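Each remark here refers to the structure printed beneath this line.
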Amino acid sequence: MDDHDRQLLLLGREHFEHGEYEKAEYLLRQVLTKGDRFADVHHMLGIIAHNGGDFAKAESCFERAIQLNPNYTEAQLNLMVTYNELGKYDDARRVYTLVRARTQPLEVDPFIKGKIANMHAQVAQAYLDAGMRRAAVVELEKAVSLSPDFADLRVRLGLLYRDSGDLAQARRELEAARNVNPKYTQARLSLGMLLLGAGEHEAARREFDELLKLEPENKAAAMYLRLIHSPIGSSRPPAGTAPTP
């Protein structure tokens, strides 16, 4: 690589790191005309394509990056996500197996765990969309086991437990989500709704009060508080009957 090509690559990376994808793509594609041997160039182009919604192009770029560097873990993870976007779940699982086989003996980087956890969450949504609730629960359980500090994944799992009728497990997940991130208002709202439906009005009130301290304009929390303080609230509705905002 001569000085001119090195300068193209350097500028392309700088634009990419600053999120200036159009400029980065123009320069990186010029680099490829000089020789198709840079795995990271293909990886960056894959991210640019994925960001632009062109998943087919992203797939091609990530696959080429891995051909050039079979141990390129980040490219493999991004390819897994792209396969998932394209509905190629078997291919995603195949790559996942390869990544796990290589990294299993080592302590996995939290960033990698987070990427895989989010992939499980996406697969869970696909199962849910297909009406396969139990399979969705299994995928979200895997996601939470990988990234237990992801409060949003815990909330999603808790709500799935709730909708499956497992209110005790739903409560455990929602409480865990709140404890992981006390400022995550969706965790407090969902937990408050569950407690309200179970007739635990005082516990529900505490969750809604704390939520409103964090987000004073939250209309759902204010609505449920009014319900608790109303004559209807004193009637203690049966578990699971609180309306969803």
If we scan the range 92-113, do we find a residue that is basic (Lys, Arg), closer than 17 Å to Gln186 by Cβ and surrounded by 16 or more Cβ atoms within 10 Å (Cβ to Cβ)? no
Could you grab me the full set of residues in the range 110-137 that are touching a helix residue (DSSP H, G or I) at 6+ places or on another chain (Cβ under 8 Å), free of Cβ contacts under 8 Å to residues at least 12 places away in the same chain and aliphatic (A, V, I, L, M)? Ala135
Considering only the range 216-236, state which residues are of a type in the set (S, T, N, Q) and either at pLDDT 90 or above or not in a helix (DSSP H, G or I) (or both). Asn218, Ser230
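With farther than 30 Å from Leu45 by Cα and either polar (S, T, N, Q) or assigned to a helix (DSSP H, G or I) (or both) as the only criterion, which of Ala136, Ala143, Ala92 stands out?
When all the criteria are applied, what remains is Ala136.
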Among the candidates Glu107, Glu74, single out the residue that is among the acidic types (Asp, Glu), assigned to a loop (DSSP other than H, G, I, E, B) and modelled with pLDDT under 95. Glu107
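The values are calculated or read from the model by the stated rules, or taken from the named source; none is laboratory data. Model, not experiment: these values are computed from the prediction. Counting neighbours? That spans all protein chains shown, and the Cβs are built from the backbone with ideal geometry, glycine included.
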